[in-house]
1. Could you tell me which of Gly348, Thr161, Thr228 has its Cα farthest along the dipole of the chain towards the positive end, charges placed at Cβ (Lys, Arg +1; Asp, Glu -1), taken about the Cα centre?
2. Residues with amide H under 5 Å of Met237's amide H, sequence separation 5 or more or different chain, H placed in the peptide plane at 1.01 Å from N; which?
3. Just how large is the dipole of the stretch 79-228 about the Cα centre, in debye to the nearest 20, putting +1 at every Lys and Arg Cβ and -1 at every Asp and Glu Cβ?
4. Quick one: how many lysine pairs in the stretch 123-264 have C-alpha atoms under 12 angstrom apart, if they're 8 or more apart or on different chains?
5. Give the dimensionless ratio obtained when the Cα radius of gyration of the stretch 373-510 is divided by 2.2 N^0.38 Å.
6. Give me the dipole magnitude in Debye, nearest 20, for the chain about the Cα centre, with unit charges on the beta carbon: positive for Lys and Arg, negative for Asp and Glu.
7. Give me P(r) over the stretch 217-266, computed from all C-alpha to C-alpha distances, binned every 5 Å, as integer percentages.
8. Where the centre of each part is set by its Cα atoms, how far does the stretch 206-280 sit from the stretch 123-166, in angstrom?
Amino acid sequence: MAALCRSRHRWKRTKWFHVLTRTLTERSDYDLVVIGGGSGGLACSKEAALLGQRVAVLDYVEPSAKGTKWGLGGTCVNVGCIPKKLMHQAALLGTAVKDAKKFGWQITGPVCHDWATMAEAIQNHVRSLNWGHRVQLQDKKVKYLNMKGSLVDEHTVKGLTKAGKETILTAKNVVIATGGRPKYPTSIPGAMEHGITSDDIFWLKKTPGKTLVVGASYVALECAGFLTGIGLDTTVMVRSIALRGFDQQIAGLVTDYMETYGTKFAWKCVPKRVDKLSSGALQVTWTDTQTGHEHKDTYDSVLWAVGRVPETKALGLDKLGVRINKETGKIVLGADESTSVPNIYAFGDIGEGRPELTPTAIKAGKLLSHRLFGQSTELMNYDNVPTTVFTPLEYGCVGLSEEEAESRHGKDGIEVYHAFYKPLEFTVAERDASQCYIKVVCERGGDQKILGLHFTGPNAGEVTQGFALGFQCGATYSHLLQTVGIHPTCAEEVVKVNITKRSGLDPTVTGC
Ligand code: FAD
Ligand code: NAP
């Protein structure tokens, strides 16, 4: 018995000795451990592996408050860009079916939309992407661990499986790319109990029915847009303005178009409570902040699209002294994505002041790997990131809004060229093109450098992506005029803008 105790004691000592030497000698199991297998984390880990590094990535999805779960790939793949764009496409097809009759298609009987068919097809596509990500990690020899990661010290990460099994990983460098999750307004009674968020909408098996969308930014307007487009009674509740941070003239065009498309707007209204009636319907009480009056209506679903919170709480960052912005909860970063603790880096939605967009997370992750493991010193350029809001009338932009250009350069320091145009495809279809608009904001003096470019119309993302290259190269108004258009397209209208706002002339494009 005594011998057994001695041997156990020796084993314990040996185990501790190993743990101690591992810490003291800084022996690393990996060159890089990435916490978070979303857009940024996957890109960073695969790039590091291509550069010959030993890499592990931990990804773990905490189910939404409604119990929705999904696979590897993060927000964009599962509950963001991908299902959103596909549902947007479903809505555009509804409009195309209406147009089709004008173009001679004989469509007999009523055309109606079936949520379950759409959702199943999109969910299957997302599952195929989850699988694709796993295969890619395997092919590139990146170790994938379906574990929740937290930091033990600057070289040690603890992984925890759903069943509670722990794994300790050591690494020379640790990357945090844990993104964010939708926010619930917890002060509103019934909000969490009865509402859903963008973490749920794309995974619903049954139609959400008559829906109230609360919020007025990207997520709210995009979701309200596709819900309206597939034929659902949809209301957007806006507490202040739509699309904060975007050019407000264009934000107005986007919401005007949505109104004519069928989306209802409750402007300057704030929700007060959500109650479930015995019929199962959700009764929402809200206040009109302009009149102070209270209103009530019933909905089948309430979708909260009131912003996102970063996923930092479970990471143990405070223990290590990783600096966080107390107001936003995001990680404070240097231009090289370094945190306040050496060897720990972060980027993507978790980063303070970073755009919450997939391409910036991917690019930042790849560049970080090249700086850490290649010979590169190239930093991520977060200026002039192009973006598109996939509302029924899409809005793409790059650079400054008119308001921002004016505040930086003064009203007399900028020249705004603009045009209302009619997409050719709207003509035969007899669609109203009142909100199809182009705005090019330029410096007024010198060679009229372009400060901002804005486009509403079909395929705005495709159009804006091309012009973003010119923008990156420092394009001027004369470069724009020297560019030959492609006819007949909507994009060619951008290279033809010649009416200044200052002139007060009618900016409506006439003729070809
Ligand atoms: P994420 O993609 O969120 O990945 C983080 C991952 O880390 C997640 O899988 C998460 O579960 C995991 N994780 C969190 N904590 C831990 C932990 N402790 N351990 C292990 N894993 C953890 N962007 C665009 O560019 N275009 C669009 O059209 C677009 N549409 C959007 C639509 C919606 C509805 C939403 C919500 C977002 C959209 N975005 C869009 C934004 C885009 O999805 C995000 O900017 C992008 O996914 C951020 O990438 P990330 O790597 O920072 O984080
Ligand atoms: P967001 O941009 O933070 O907007 C939150 C919206 O909710 C705002 O309109 C805000 O109004 C409103 N709001 C906040 N609290 C509210 C409350 N208590 N009651 C009523 N309204 C409230 O959040 P988001 O739309 O979720 O988007 C998050 C990020 O995801 C975006 O910044 C974007 O980068 C990314 N994204 C990108 C795309 C794309 O590329 N197409 C699409 C979707 C999302 P106020 O203006 O009054 O504050």
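1. Positive-most Cα among the choices belongs to Thr161.
2. So Met237 has HN proximity to Val213, Val214, Gly215, Ala266.
3. Dipole magnitude for the stretch 79-228 comes out near 300 debye.
4. Taking the Cα cut-off of 12 Å, the pair count is 4.
5. Compared with the compact-globule rule of thumb, the stretch 373-510 sits at 1.11.
6. I would put it at about 2780 debye.
7. In whole percents, the pair-distance histogram is 5, 22, 36, 25, 10, 2.
8. Centre-to-centre (Cα) distance: 35 Å.
Throughout, read-outs are computed from the coordinates displayed, never taken from laboratory work. Predicted model, so just to flag it, every value in this text is computed and none were measured. Note that we place each Cβ from the backbone using ideal geometry, even for glycine, and neighbour counts take in every protein chain shown.
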